[in-house]
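> I'd like to ask some things about the structure below.
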Amino acid sequence: MNLPPRFRSFFARQDGTTTLEFVVVFMGFVAILFFVMEVTLYLFFMQTLEKAAEAGVRVAVTSPPAVTGIPSTIQPAFGANYGDSCTQGNGGGPCRPFWPSPASCTGADCANSFDRILNHMRGFNGQIHPENVTITYTDVGIGFAGGPTVPMVTVTVHDVPFQTGILALLLGDGDGGAGLLAQLPSRSASMTGEDLAR
């Protein structure tokens, strides 16, 4: 195929190749930079959730139970003596477990001490709302008959929205909002409630 001379000279010119190569390489560099920034933001928010759960459980084990109905003392089982260790004996042991176990609450279902726990957690991640926090008390059979209840306390943070940085600007929701693209995975922390306030 024979091209006219002006087309041949157009295809043979090399004037803009450096600029074109720079644009292609620069766009790849910018894409990698944005990817690294997004991954860093995601990991940062994951760490804040983990720290919030750990801080929340530390406050929960020194507060009154957020779930109503957790007894303040361990009732001895039939035929057991006050002061018997809950871990001794065979079968059910000398301690009567509290019921229901596990007992949990989320957000508005919790007692007054929940607000203290939530406020402490929000110091680590301000996007945590009451509906994102579940507190669970589980009887694990430690303590002694007649002594204070010693449940395993678990604080779980779940369904916290993750608003990305750069991608939110590019892929916003169309109404000027930041664009919710994901929810962070749940994070939990557990401790024994030996120091539950009564």
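The values are calculated or read from the model by the stated rules, or taken from the named source; none is laboratory data. Not measured: the values here are computed from a predicted model. Neighbour counts are summed over all protein chains in view; Cβ atoms, including those assigned to glycine, are modelled from backbone coordinates with ideal geometry.
> With the structure loaded, tell me whether Gly93 is at positive phi and either crowded, with 18+ Cβ neighbours inside 10 Å or more than 17 Å from the chain's Cα centre (by Cα) (or both) or whether it fails that test.
For Gly93, the condition - at positive phi and either crowded, with 18+ Cβ neighbours inside 10 Å or more than 17 Å from the chain's Cα centre (by Cα) (or both) - is met.
> Here are Phe78, Phe98: which of them is within 17 Å of Gly141 (Cβ to Cβ), surrounded by fewer than 10 Cβ atoms within 10 Å (Cβ to Cβ) and not β-branched (Val, Ile, Thr)?
Working: Phe98 fails: surrounded by fewer than 10 Cβ atoms within 10 Å (Cβ to Cβ).
Checking each option against the conditions leaves just Phe78.
> I would also like to ask the following. Considering only residues that are more than 17 Å from Pro148 (Cα to Cα), part of a loop (DSSP other than H, G, I, E, B) and of a type in the set (S, T, N, Q), which ones fall in the stretch 94-113?
The answer is Asn112, and nothing else.
> For Ala55, state whether it is on the phi < 0 side of the Ramachandran plot, in a helix (DSSP H, G or I), without any contact (Cβ under 8 Å) to a residue 40 or more places away in the chain and not aromatic (Phe, Trp, Tyr).
no
> Using beta carbons and a limit of 7 Å, which pairs, at least six apart or on different chains, have the first residue in the stretch 35-51 and closer than 20 Å to Thr154 by Cα and the second one surrounded by 14 or more Cβ atoms within 10 Å (Cβ to Cβ) and charged (D, E, K, R)?
Taking only residues 6 or more apart or on different chains, the pairs are Leu49/Arg187; Glu50/Arg187.
> Out of Ile74, Ile70, Ile128, report the one residue that is within 19 Å of Ala52 (Cβ to Cβ), in contact (Cβ under 8 Å) with a residue 40 or more places away in the chain and among the aliphatic types (A, V, I, L, M).
Only one candidate passes the filter, namely Ile128.
> Now for a different question. Going by the conditions given, is Gly126 over 18 Å from Met191 (Cα atoms), within 20 Å of the chain's Cα centre (by Cα) and not hydroxyl-bearing (Ser, Thr, Tyr)?
So Gly126 fits the description; yes.
> Might you check whether a residue that is in contact with a strand residue (DSSP E or B) (Cβ under 8 Å, 6 or more places away or on another chain), of a type outside the set (Lys, Arg) and exposed (fewer than 12 other Cβ atoms within 10 Å of the Cβ) occurs anywhere in the stretch 103-112?
The initial filter retains those residues of the stretch 103-112 that are in contact with a strand residue (DSSP E or B) (Cβ under 8 Å, 6 or more places away or on another chain), namely 103-107, 110-111.
Next, from what is left, pick out any that are of a type outside the set (Lys, Arg): 103-107, 110-111.
In the following step, the residues that additionally are exposed (fewer than 12 other Cβ atoms within 10 Å of the Cβ) were identified as none.
No, there is no match, as no residue in the stretch 103-112 is in contact with a strand residue (DSSP E or B) (Cβ under 8 Å, 6 or more places away or on another chain), of a type outside the set (Lys, Arg) and exposed (fewer than 12 other Cβ atoms within 10 Å of the Cβ).
> How many residues are crowded, with 17+ Cβ neighbours inside 10 Å and either touching a helix residue (DSSP H, G or I) at 6+ places or on another chain (Cβ under 8 Å) or modelled with pLDDT under 90 (or both) when one looks only at the stretch 150-180?
Final tally of qualifying residues: 11.
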